[in-house]
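The values are calculated or read from the model by the stated rules, or taken from the named source; none is laboratory data. Predicted, not measured: the structure shown is a model, and the values here were computed from it. With ideal geometry, Cβ positions are generated from the backbone for all residues, glycine too; neighbour counts draw on all protein chains shown.
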Amino acid sequence: MIVVAIDGPAGAGKSTIAKALAKKLNLRYLDTGAMYRAVTFAALNRNLDLSAESAIAEIASQCVMHIDDDSIIIDGVDATQAIRGQEVTRAVSVVATNSLVRTELRGRQRQWVSEHGGGVVEGRDIGSVVFPDATLKVYLTASPMVRAKRRVAQSGGDVELIAAEIAERDQRDSSRSDSPLMKTSDSVTVDTSDIPVDEVVDHIERLVDAQRLNKRVSN
């Protein structure tokens, strides 16, 4: 079973690159961040206090969530567009620091990969916690301004404001006690600031092929 773990901060190009890589490798793609966003969306719709850990965790454990390459449905509601809005984007870090939510969603992520026989999985703790034995671990990054401009191109807004929000998100993700954003010692770092998407994808594909070859030789 092939599992490619792609981690990195917001705006590094994880989703675009992971989707394209999954197609090239004929694997399924899982955006774990969308799962946290979906729980956040559901909590906001219920007007819940996001700091109420047990209440948010209950949503995570009891919700019916269906996720594929291009959509996510939670409790029968198509949240595909809403989870990318500014309200969810600004709130999701609070939900992502909830250890009870993380435990639940990690279990769902592992189950998804098991059911699909592998996949390209992107997030912030995939190589470090969710799949520490992944076939390949990649840490994508990019300069702060490039990341901010990418977000503005996707959703609009002021570049300076978005850059500040990204910096705050990075701080939260990197400093949380449960599964912080981090680069593992066995991951490959790829800076996407000045490299076209297709070149990044081709590079990672070659890395996957090399790992698969090494595994066959060692066996």
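Among I204, I195, which is the only one that is at negative phi and out of contact with any strand residue (DSSP E or B) (no Cβ under 8 Å at 6 or more places or on another chain)?
None of the other options fit; the residue is I195.
Kindly indicate which of S54, S61, S71 is touching a helix residue (DSSP H, G or I) at 6+ places or on another chain (Cβ under 6 Å) and surrounded by fewer than 18 Cβ atoms within 10 Å (Cβ to Cβ).
Going through S54, S61, S71 in turn, just one is touching a helix residue (DSSP H, G or I) at 6+ places or on another chain (Cβ under 6 Å) and surrounded by fewer than 18 Cβ atoms within 10 Å (Cβ to Cβ): S61.
Considering (1) under 16 Å from the mean Cα position of the chain (by Cα); (2) within 17 Å of M35 (Cα to Cα); (3) touching a residue at least 12 places away in the same chain (Cβ under 8 Å), say which one L100 fails and leave the rest.
Tallying (1) under 16 Å from the mean Cα position of the chain (by Cα); (2) within 17 Å of M35 (Cα to Cα); (3) touching a residue at least 12 places away in the same chain (Cβ under 8 Å), L100 fails exactly one: (1).
Let me confirm something: among V152, V101, V94, V146, which residue is aliphatic (A, V, I, L, M), at pLDDT below 95, surrounded by 14 or more Cβ atoms within 10 Å (Cβ to Cβ) and not assigned by TED's automatic domain parsing to the domain that holds K14?
Of the residues listed, the single one that is aliphatic (A, V, I, L, M), at pLDDT below 95, surrounded by 14 or more Cβ atoms within 10 Å (Cβ to Cβ) and not assigned by TED's automatic domain parsing to the domain that holds K14 is V94.
Can you name the residue in region 40-51 that is touching a helix residue (DSSP H, G or I) at 6+ places or on another chain (Cβ under 8 Å) and assigned to a loop (DSSP other than H, G, I, E, B) and, of all such residues, is surrounded by the most Cβ atoms within 10 Å (Cβ to Cβ)?
L50
Condition first: among the hydrophobic types (A, V, I, L, M, F, W, C) and at pLDDT 95 or above. Now tell me which residues in region 4-33 satisfy that.
V4, A5, I6, I17, A18, A20, L21, A22, L25, L27, L30 - these are the residues of region 4-33 that are among the hydrophobic types (A, V, I, L, M, F, W, C) and at pLDDT 95 or above.
In this structure, is D194 loosely packed, with under 12 Cβ neighbours inside 10 Å and not hydroxyl-bearing (S, T, Y)?
Yes.
Which residues, counting only those in region 1-36, are in contact with an Asp or Glu (Cβ under 8 Å, 6 or more places away or on another chain) and hydroxyl-bearing (S, T, Y)?
S15, Y29, T32
Suppose we filter G123, G157, G119, G127 for residues that are touching a residue at least 60 places away in the same chain (Cβ under 8 Å), farther than 30 Å from S61 by Cα and small (G, A, S); which single one remains?
Going through G123, G157, G119, G127 in turn, just one is touching a residue at least 60 places away in the same chain (Cβ under 8 Å), farther than 30 Å from S61 by Cα and small (G, A, S): G157.
In region 23-59, how many are over 14 Å from the mean Cα position of the chain (by Cα), aliphatic (A, V, I, L, M) and closer than 25 Å to G117 by Cβ?
So the count comes out to 2.
Within region 155-180, restricting attention to residues that are under 22 Å from G107 (Cα atoms) and among the acidic types (D, E), which residue is surrounded by the most Cβ atoms within 10 Å (Cβ to Cβ)?
D173
Among the residues of region 69-80, is there at least one that is among the β-branched types (V, I, T), under 25 Å from S177 (Cβ atoms) and either modelled with pLDDT of 95 or more or assigned to a strand (DSSP E or B) (or both)?
no
Only one of these conditions is not met by S177: (1) free of Cβ contacts under 8 Å to residues at least 40 places away in the same chain; (2) of a type in the set (S, T, N, Q); (3) closer than 23 Å to V101 by Cα. Which number is it?
Of the numbered conditions (1) free of Cβ contacts under 8 Å to residues at least 40 places away in the same chain; (2) of a type in the set (S, T, N, Q); (3) closer than 23 Å to V101 by Cα, the odd one out for S177 is (1).
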